[in-house]
Amino acid sequence: MKFMGLLCAALAFGGNVLAIHLHPRSEDKAKTLSFGFEKVKRNVENIPRLRKRSSTVLQRLDNADYLYYANVSIGTPPQNLRLHLDTGSSDVWVESMKSELCQGRNHPCNVTGTFDPDSSSTYEQVSNDFDISYVDGEFARGDYGKDVLTLTDGVEVSGLQFGIGIESTSTDGIMGIGFDLNEVQVQRLKKDPYRNLVDLMADQKLIRSRAYSLWLNDLNAPTGEILFGGVDTAKFIGSLVTVPIDKRVGETKAREFAITLTSVSITNSSGDSLTLTSNGYANPVLLDTGSTYTYLDSVLAKALADQVGAQAVERYGIAVVPCEARNYNGSVSYGFSGATITVPLRELVINAYDTTGKPAKFNDGTKLCYWGVLSSGDVGTNVMGDTFLRSAYVVYDLDNEEISLANTRYNATDSRILEIGAGSSAVPNATGVANAVTVLASGTGTYRGNSRPYISGSVTRPSSPDPTGDTSTAPSLDPSLTSTLLLFTTLFISLVL
């Protein structure tokens, strides 16, 4: 899902991108497609050269501002494109070289690439009713077509239907890898679903079933991967735990990757823990690589922010926290019917920059950071974005409508890849929870996560702090850091964007 409704949904991260390396696919009947990440300086001319390997599918992904992109090509001869990897949507769509946006000043689509149907000998037009839009008014409209999509080591997925944004407001194309019921022509045009990218990978025997695993690694990590058709047991701790995917109200099949969040707690360095949710708490959440942040219901988001001294700025939909909060050895744990994912506090404190590209600061010189958990407001289903997913190893099993979870092993350097098979219990070494809680999900808005907030005005604190957050039941924090954090809970922030 592309997040564009909230101003802070994507950040400027000091000029880094990620390039991906694919790990070998096993030579026997096991079929997996693995996409790895390697961070390099944010300079498209400084991306490491791809290395061909026998029986591998090598795909580069860039991480621009910590949004995950795939460098692929479409057509014959191939036309290079950078597509935003998105578990929250199901369509591939690209920018047209003829769009007014791409022909504008500074040619903004040069970075992401454009597609020209007239230049591909294998292109087939399907229809002229491609139309996707987002809650803040951004959109893409144009044609549906079919062509071959080629990964950068030459592996082809033929006959892929995709949208072409002839008229659009965004330079970023999308590589949606969700359920076919979430395709825009199904939801908007009420047509039957078509065979999308993940469907075709299975149809064309590139993988045995419609399933893949995701390992984003930590906030500053140099490596990560998405592995189609397999799991890498070297990339997670313990065993995978499987929970069912929630369905929408009135629907019998899953449309998106929503599971039920059943608890949230915060723990300090001494192991003292405080549960922030009540007994019986159950709320559906989307697992979505298209969201930079995690969005929880407003009460829970505020309770969590209060414990770390983060200050929400409702006007702009952001929250800020002193950057030294990442030095506190605490964590936030999310429960899913018995499966627990623990996110270190350092993974939730994200660098912020001013309009000159320098680190943002409070007016007293203290370095300012963004806080990675925000209120979902009235959007409907909440979202577990990249500030959660980097700490989780997640297996998305479309065939069985299940999600398997384990705590990630940060910065793992080896691989032990196992194939995801076909049929029930296809994910190797995964165990289902004993009493899974499911909730019927309501509708959810679609947002983008690539607008850039900058701190351009004065960020001040009052001379006499008057903390409003209730910390009386919080775990005991380090005293010196607690004082610093609480001092900022009532910051008066003026952001002029």
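Some points to look at:
- Taken together, VAL198, VAL126 contain a single residue that is open to solvent by less than 20 Å² (accessible area, probe 1.4 Å) and not assigned by the TED database to the domain that holds PHE257, which is VAL198.
- Complete set of residues in segment 364-373 that are surrounded by fewer than 22 Cβ atoms within 10 Å (Cβ to Cβ) and assigned to a strand (DSSP E or B): LYS367
- The single condition among (1) in contact with a Lys or Arg (Cβ under 6 Å, 6 or more places away or on another chain); (2) part of a loop (DSSP other than H, G, I, E, B) that SER99 does not meet is (1).
- Consider segment 304-338 and keep the residues that are assigned to a helix (DSSP H, G or I) and open to solvent by 40 Å² or more (accessible area, probe 1.4 Å). The one that is nearest to LYS367 (Cα to Cα) is GLU324.
- Evaluation of VAL186 against (1) of a type in the set (A, V, I, L, M); (2) in contact (Cβ under 8 Å) with a residue 40 or more places away in the chain; (3) assigned to a helix (DSSP H, G or I) (one fails), failing number: (2)
- THR114 modelled with pLDDT of 85 or more and in contact with a Cys (Cβ under 7 Å, 6 or more places away or on another chain): yes
- Strands (runs of 3 or more DSSP E) enclosed by segment 201-257 - at least 2 residues per element that are among the hydrophobic types (A, V, I, L, M, F, W, C): 211-215, 223-228, 236-244
- Subset tally (residues that are open to solvent by 70 Å² or more (accessible area, probe 1.4 Å), at pLDDT below 90 and of a type outside the set (Ser, Thr, Tyr)) for segment 339-363: 3
The values are calculated or read from the model by the stated rules, or taken from the named source; none is laboratory data. Here the structure is a predicted model, which means the values were calculated and not measured. Quick reminder, even Gly has a Cβ in these numbers, built from the backbone with ideal geometry, and neighbours come from all protein chains shown. Each accessible area value is taken on the protein alone, full model and side chains, heavy atoms only, with ligands, DNA and RNA left out. Shrake-Rupley method; radii C 1.70, N 1.55, O 1.52, S 1.80 Å.
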